[in-house]
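The values are calculated or read from the model by the stated rules, or taken from the named source; none is laboratory data. This is a predicted model, so every value here is computed, not measured. For neighbour counting, all protein chains shown are included, and Cβ atoms are generated from backbone atoms with ideal geometry for every residue, glycine included.
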Amino acid sequence: MDSHGLLDPKSVEAAIREDTAVVSLLWANNETGVLFPVEEIAAITTSKKVPLHVDAVQAAGKISMNLTNLGAQFVSFSGHKIHSAKGVGALAVSRRLRFTPLLRGSQEETRRGGTQNVAGIVGFGKAAEIAHQHTDHSFIKSLRDRFEDHLLQTVPGTEVNGDRENRLPNTSNITFEGLESEGALILLGEKGICCSAGSACTSGSVHPSHVLRAMGFSNDRARGSLRFSFGRLNTGQDLQEACEIVPDVIKKLRSLKTQGSPVAVAA
């Protein structure tokens, strides 16, 4: 990736070898929201006769998708990203490719083993129907953009990580100069603002974001970054509160750091 979080298809092509069994690619990065050129890469993998798996978990319900013309052999989804329950997902498999399961069983036409999570499957299907009814994400994007613009204007030393155009409408990854994200998460959580220092996949890691490091950023910048997400259930009031609380917390943390005081955590 480059400093904007964009992926060059040529770098993927160069990485494919004669013994490459499959190429696995995110549709949208789960930390920055930056979209990857899946169609271009699918054309490359097709020409190389290498199967392509696209992880569409982060992108599902946020952008328009046409799996028929995508060119990927496998596309995976997860229910919790579209307001369904956790623990249920889906894998779209091309009929032109033989599918060999890791765990054999009689379920899903011998594609998997174990009892099906019927309640989760039904809930996932209903969530997908509802998501299909909410294809206009302009309101979500406006919340995200207004939030970013407010922080850039009111909080010195603030930058957005990742390309601001070629990305999902809901995701915002922001770095605050001189900030330790762990302390910010504690104070923001106490004030009702839910965010993260990276993706849920790396929760608990003491290392700086591997995504931001891959973009060429320093450890300090990676450790001083927070990821915010907006959804269709958010309101203008939520935005107003976030625009008041986040700058105050950043200012408080910087003041404590200048004084050499630790962040107090309530027991």
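Does the stretch 142-156 include one or more residues that are touching a residue at least 24 places away in the same chain (Cβ under 8 Å) and over 14 Å from Ala242 (Cα atoms)? Among the residues of the stretch 142-156, not one is touching a residue at least 24 places away in the same chain (Cβ under 8 Å) and over 14 Å from Ala242 (Cα atoms), which makes the answer no.
When Ser84 is tested against (1) within 18 Å of Thr135 (Cβ to Cβ); (2) in a loop (DSSP other than H, G, I, E, B); (3) free of Cβ contacts under 8 Å to residues at least 40 places away in the same chain, exactly one condition is not met: (3). Answer yes if at least one residue in the stretch 159-179 is over 30 Å from Ala92 (Cβ atoms), free of Cβ contacts under 8 Å to residues at least 24 places away in the same chain, part of a strand (DSSP E or B) and not assigned by TED's automatic domain parsing to the domain that holds Ser78, and no otherwise. Looking for residues that are over 30 Å from Ala92 (Cβ atoms), free of Cβ contacts under 8 Å to residues at least 24 places away in the same chain, part of a strand (DSSP E or B) and not assigned by TED's automatic domain parsing to the domain that holds Ser78, one finds at least one in the stretch 159-179, hence yes. Residues in the stretch 31-46 that are touching a residue at least 40 places away in the same chain (Cβ under 8 Å) and out of contact with any helix residue (DSSP H, G or I) (no Cβ under 7 Å at 6 or more places or on another chain): Gly33, Val34, Leu35. Where residues in the stretch 87-101 are touching a residue at least 12 places away in the same chain (Cβ under 8 Å) and of a type in the set (Val, Ile, Thr), which of them is nearest to Asn69 (Cα to Cα)? Restricting to residues being touching a residue at least 12 places away in the same chain (Cβ under 8 Å) and of a type in the set (Val, Ile, Thr), the top hit is Val93.
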